[in-house]
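First up is the structure itself, then whatever we jot down about it.
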Amino acid sequence: MSQLIRYEVRDRIAILTVDNPPVNALGPGVVEGIEEAVARANGDAGADAMVLIGHGSTFIAGADIKIFGTIKTREQSLARSEAMHARLKRIEDATKPLVAAIHGNALGGGLEIAMSCHYRVMAADAKVGQPEVLLGIIPGAGGTQRLPRLCEAALAIEMCTAGKPVPAAKALAAGIVDDVVSGNLLDGAIEFARARAAAREVRKTRDLTTKTDRNAGVAACAAARTTLAATAKGLQAPFKAIDAIEAAFTLDFEAGSARERELFADCVTSTECRALVHMFFADREAAKVPDVPKDTPVVPIARAAVIGAGTMGGGIAMAYANAGIPVLLKDVDDAAVQRGMATIRKNYESSVAKGRMTADAMARTMALITPTTNYDGFDQADIVVEAVFENMDLKKTTFAELAKVTKPTCILASNTSTLDIDEFAQASGRPAQVIGHHFFSPANVMKLLEIVRGKETSKEAIATSLALAKKLGKVGVVVGNCFGFVANRMIAYYMREAYLLLEEGATVSQIDGALTEFGMPVGPFGMQDIAGIDVGWRIRQHLKLTGQTRAEGPQSEVPDRLYELGRYGQKTGAGWYRYEAGSRTRIPDPMVDEIAAAEAAKRGITRRKVTNEEIISRIMTALANEGARIIEEGYATRASDIDAVYCYGFGYPRHKGGPMFYADTVGLPTVLERVKEYREQFGDYWQPAALLEKRAAEGRGFHS
Ligand code: 3H9
């Protein structure tokens, strides 16, 4: 008997316990072990029925995701799937009632195993789901065939195309599970199994007819394809999932399963799957900092305070309140703090209007935010996040004050996006507690928290920040203290190329269009119109004082011309685009292209036709090259951290795996070749990063 599956008999019920920490993933030997245990129970005269349950915090979280990287060809995929399908059928052929007892999560292959059992009972707080699509694949162990035999087509489609798990009550109402147990799950499952044994009932999911009939099922699939055409642009897995589910309505179980295997093979060998699997592990790797051990003490964060009730400060306060943490929100006077509170209220009201939040939940969450104009109560805060203007003197004064009004263990975080953390760390006199918490706008929505460690930041402050990021529903990435850190340092190169391409002859809407086609939610110019052209202008002025630039190379003055015209972006009704009053629709403005042409003439640039391929190649090459420099200088721990920063901070398409992973898919020798070509064509400011040259010469990627 496999060590991964424990077998015991209690009161004539065989209990099969999967024990493969941490999440009982279906690594080598697990399904085989379940099959063996089922065979043993079949032949065990002392057992009338069986219960399959998971040890630890969850039932089965699905296939071992690491395995997908080892499947290189369709043939390998088909062979594995065939073996898996056959095993699940043998499990389903159990001669005695087989009941899955689900706690925690039954996800992917976990739910597929549960559906291969005859019955399913679940704990009231458990969830079931088919999240494969989030990894660029479809359910590959019969899920697309068994799920529509238990629930209506619409839900099966939603689960397999959106990947969101379903809570117990919904799963029960839909027919995916047979009972929800409110007391002890195992006891409830045993009782359920005993009743089925007494009734001599064995129900195989594969023998059921689909819950929705053929015509309605096919129609539901067609409708879902239409919806997805708008929402899943650039992705293939959600469409393949629908194709597979459709087969459940049009083919018998055997033929439908064969179709699922073919479609799964298409997906598992795709770049989309490789990129999404890469991102799954990138999210989790980011929480691992080599010199901060797992057991580093963490300060519990029960109360927080935010200084500055502007856009960022207000969003940060919302992020805390959303996580159930009471937060003080301070600004200089009543008017400022009330303005901030009004914006917060408006944001929550909009969530209520969209049905994303109940009015009760809004009232409870708002009650966690206390506006203030003084430091009363700051001595109770476990963390303070400073979100005042980007002005070094102001920040230093703020940190010096904070050190006086907070308790010695309080973490002092700054939301600065560019300033030197070490300077205000010194001003505080408590540098070990000072750390950057760079949120991305809107701070209550964007998932990235760039955690900036200063020279003297303590390991406790870093570990606390990582734990806090998770509590706030963010992905925390620890980075070093260089100008712009990782996110904004790289965005400077992204913007440099966008400005130069514009001067060379591309238009604003062409460049934005090429990047949205690539998968970005908004192009560089649309993004700047949201953030504010004045913000970039202020940073450039600050840098000019010290003779610095944000990115090497020619500094386009087109954004300065827009600033001088009072075109700050959406907030002034014009920026890179024009906006009608009250509308955010971007209207291309020929005037901007004329300004670009005039600036190009000033710099002696002969304008030409620029292709979309060149736009993507120039911008992505600049990002990867600068990312490589950031790694070699030690400001990021690993390439996947940069990918996480870009995906969660700027909406870089996860299915392309982030800028460093994308460079790997292009091939580092090609990326290097491009840097050299651009150096020839545009000037010496294009220089290959040493890490790029090294990895390309070694035939390796950034991630290998
Ligand atoms: C599938 O099933 C395909 C089938 O249809 C066909 C084939 C049979 N594999 O997230 P956490 C690791 S596709 C390998 O921090 P939480 C994770 O990396 C699969 N490793 O915990 C981490 O390791 P480390 C469909 C996995 O409590 C540790 O476990 N299933 C897997 O916040 C803890 O994870 C999914 O997509 C795995 N399947 O959340 C479910 N899952 O500590 C993916 C986790 O070294 N998993 N690990 O960094 C999840 O969504 C969450 O992990 C879960 C727990 C909700 C279960």
Open item on the list: Let's see if you can work this out: charge +1 on each Lys and Arg Cβ, -1 on each Asp and Glu Cβ, no other charges. What is the dipole magnitude of the range 5-269 about its Cα centre, in debye to the nearest 20?
Closed with: 280 debye
- [ ] Take residue 681, project a point 7 Å from its Cα along the Cβ direction, then tell me which residues of the range 606-642 have their backbone nitrogen under 19 Å from it.
- [x] 606-626
TODO: Net charge near residue 570: determine it from the other residues with C-beta under 10 Å of the C-beta of residue 570, scoring Lys and Arg +1 and Asp and Glu -1.
DONE: +2
Task: Of 645, 249, 370, farthest towards positive along the dipole that unit charges on Lys, Arg, Asp, Glu beta carbons give the chain - done: 249
- [ ] Could you give the size of the charge dipole of the range 519-595 about its Cα centre, using +1 on the Cβ of each K and R and -1 on the Cβ of each D and E, expressed in debye and rounded to the nearest 20?
- [x] 280 debye
Open item on the list: Through the Karplus equation 6.51 cos²θ - 1.76 cosθ + 1.60, θ set to phi - 60°, convert the phi angles of the range 645-652 into ³J(HN,Hα) values in whole Hz; use x for Gly and Pro.
Closed with: 4, 5, 5, 8, x, 10, x, 4
TODO: Collect residues whose amide H, placed 1.01 Å from N in the peptide plane, falls under 5 Å from the amide H of residue 166; neighbours closer than 5 in sequence don't count.
DONE: 128, 129
- [ ] Subtract the Cα-Cα distance of residue 380 and residue 407 from 0.36 nm times their separation in residues, and report this length gain in nm to one decimal.
- [x] 9.0 nm
TODO: Scan around residue 383 for amide H atoms under 5 Å from its own, H built in the peptide plane at 1.01 Å from N, and keep only partners 5 or more places away or cross-chain.
DONE: 303, 305, 411
Open item on the list: What distance in nm lies between label points placed 7 Å from Cα along the C-beta direction at residue 184 and residue 423?
Closed with: 6.4 nm
Task: Accessible surface, per residue, of the range 505-658 when the full set of protein chains is kept, probe 1.4 Å, Å² - done: 43 Å²
Task: Cα-based reach from residue 602 at 23 Å (exclusive), listing lysines while leaving out same-chain residues under 8 positions away - done: 544
- [ ] Provide the FRET efficiency to the nearest 0.05 for the residue 535-residue 697 pair, computing r from the beta carbons and using R0 = 30 Å.
- [x] 0.15
TODO: Return the percentage of antiparallel bridges among DSSP beta bridges fully within the chain, rounded to the nearest 5 %.
DONE: 30 percent
TODO: Sort 238-245, 398-405, 59-66 for me by packing, meaning the mean count of neighbouring Cβ atoms within 10 Å per residue, highest on top.
DONE: 238-245, 59-66, 398-405
TODO: Using packing as a proxy for protection, rank 330-336, 185-191 so that the peptide with the highest average count of other Cβ atoms within 10 Å comes first.
DONE: 185-191, 330-336
Task: Average accessible surface area per residue within the range 5-269, 1.4 Å rolling probe, Å² - done: 39 Å²
- [ ] Could you please state how large a percent of the accessible area of the chain is carbon and sulfur, counting protein chains only and using a 1.4 Å probe?
- [x] 53 percent
Task: Rounded accessible area of residue 368 (nearest 10 Å², 1.4 Å probe) - done: 50 Å²
Open item on the list: If the only charges are +1 at each Lys and Arg Cβ and -1 at each Asp and Glu Cβ, what is the size of the charge dipole of the chain around the Cα centre, to the nearest 20 debye?
Closed with: 560 debye
- [ ] Take the cross-link list 96/170; 89/204; 447/471; 288/470; 127/170 and give me the ones stretching past 19 Å between alpha-carbons.
- [x] 96/170
Task: Estimated FRET transfer efficiency (residue 284, residue 601; beta-carbon r; R0 51 Å; 0.05) - done: 0.50
TODO: List the residues whose amide H sits under 5 Å from the amide H of residue 25, counting only those 5 or more places along or on another chain, with H placed 1.01 Å from N in the peptide plane.
DONE: 61
TODO: Provide the solvent-accessible area of residue 474, counting protein heavy atoms only and rolling a 1.4 Å probe, rounded to the nearest 10 Å².
DONE: 20 Å²
Task: For the range 23-181, with +1 on Lys and Arg beta carbons and -1 on Asp and Glu, the positive-most of 57, 129, 30 along the dipole - done: 129
- [ ] Using the heavy atoms of the protein chains and a 1.4 angstrom probe, tell me the accessible area per residue for the range 323-373 in square angstrom.
- [x] 57 Å²
Open item on the list: In whole Hz and in residue order, list the ³J(HN,Hα) couplings for the range 351-362 that follow from phi through the Karplus curve 6.51 cos²θ - 1.76 cosθ + 1.60, θ = phi - 60°; x for Gly and Pro.
Closed with: 5, 5, 4, 7, x, 8, 8, 8, 4, 5, 4, 4
Open item on the list: Rounded to the nearest 10 Å², what accessible area does residue 530 have for a 1.4 Å probe in the complete protein model?
Closed with: 100 Å²
TODO: Return the sequence-ordered ³J(HN,Hα) values of the range 281-296 in whole Hz as given by the Karplus equation 6.51 cos²θ - 1.76 cosθ + 1.60 applied to θ = phi - 60°, using x for Gly and Pro.
DONE: 6, 4, 4, 7, 4, 4, 7, 10, 10, x, 9, 10, x, 4, 8, 4
- [ ] Compute the FRET efficiency between residue 227 and residue 360 as 1/(1 + (r/R0)^6), taking r as their Cβ-Cβ distance and R0 = 51 Å, and round to the nearest 0.05.
- [x] 0.95
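The values are calculated or read from the model by the stated rules, or taken from the named source; none is laboratory data. A quick note: this is a predicted structure, and the numbers were derived from the prediction, not measured. Counting neighbours? That spans all protein chains shown, and the Cβs are built from the backbone with ideal geometry, glycine included. These area figures cover heavy atoms from the full protein model, side chains too; ligands, DNA and RNA do not enter into them. Shrake-Rupley method; radii C 1.70, N 1.55, O 1.52, S 1.80 Å.
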